[in-house]
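Read through the structure below, which is laid out as structure tokens, and then see the notes.
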Amino acid sequence: MNRLTAAALLLAPALLFVGCSKGSNSSTTTTTTTQATTTPASSTGSMVTLGVATFNANCATCHGSKGQGQPGAFPPLDGNPVVTGDIKPLIKIVKTGLTGPVKINGVAYNGQMPAWSGTLSDAKLSAVITYIRGAWSNHAGAVTAAAVAAVK
Ligand code: HEC
């Protein structure tokens, strides 16, 4: 009896300490774990919702709500082979931005696309890239957060 109580008294502060140190460290860990676990599970419904929301909040002002763009100013994302093509250059453009002359479907653009890697998480980036690849007349496959993280 006495021994047990003593053991419990000895253990209690130790457990509290472990609990506390875990608590103070976990705020950063929690966010990363959440993103990592949401991506595989969310390739269906919630990823689409996140993709649409991210697109409307960050991309639609320039590229249009239907990805139609503005000829000469903002390139279309709908029917754009860069969007439906190889994922690495596409991820790179969205993460790091794009400046300088480009020609899309015969129309020249020479504008400035901001970099999004500092603003949007890999989970949001993968959701919005997946969205633009599959929305409107586009029918290209999904992009995972891991693929986004792999492109620097
Ligand atoms: C401030 C306006 C603006 C916003 C907001 C914007 N873009 Fe852009 N985007 C541009 C411009 C301008 C270009 C072309 C840059 C150039 O001429 O070099 C471009 C280019 C692109 C390209 C490459 C197209 C190609 O054919 O090379 C992709 C993909 C793209 N944007 C996706 C996005 C996504 C996804 C978002 C939202 C996360 C977004 N953009 C937000 C202005 C914008």
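The values are calculated or read from the model by the stated rules, or taken from the named source; none is laboratory data. Quick caveat, the model's predicted, so the values are computed rather than measured. Here the Cβ is made from the backbone with ideal geometry for all residues, glycine too, and neighbour counts use every protein chain on show. SASA here: full protein model, heavy atoms, side chains in, ligands and nucleic acids out. Shrake-Rupley method; radii C 1.70, N 1.55, O 1.52, S 1.80 Å.
When the residues of region 107-122 are filtered to those that are small (Gly, Ala, Ser) and either more than 9 Å from the ligand (Cβ to nearest atom) or under 18 Å from the mean Cα position of the chain (by Cα) (or both), the one that is most open to solvent (accessible area, probe 1.4 Å) is Gly118.
Among helices (runs of 4 or more DSSP H) entirely within region 41-113, having at least 3 residues that are closer than 14 Å to Leu125 by Cα singles out 45-58, 87-96.
Set side by side, the residues Ile91, Ile104 differ, and just one is buried (at least 19 other Cβ atoms within 10 Å of the Cβ) and either among the charged types (D, E, K, R) or touching a residue at least 12 places away in the same chain (Cβ under 8 Å) (or both), which is Ile91. Scanning region 52-72 for residues that are open to solvent by less than 40 Å² (accessible area, probe 1.4 Å) and more than 20 Å from the chain's Cα centre (by Cα) returns a single hit, Gly69. Evaluate the following for Val143: is it of a type in the set (Val, Ile, Thr), within 20 Å of Pro76 (Cβ to Cβ) and part of a loop (DSSP other than H, G, I, E, B)? The answer is yes for Val143. Is it fair to say Leu125 is surrounded by 21 or more Cβ atoms within 10 Å (Cβ to Cβ), in a loop (DSSP other than H, G, I, E, B) and within 8 Å of the ligand (Cβ to nearest atom)? No; evaluated as a whole, the condition is false for this residue.
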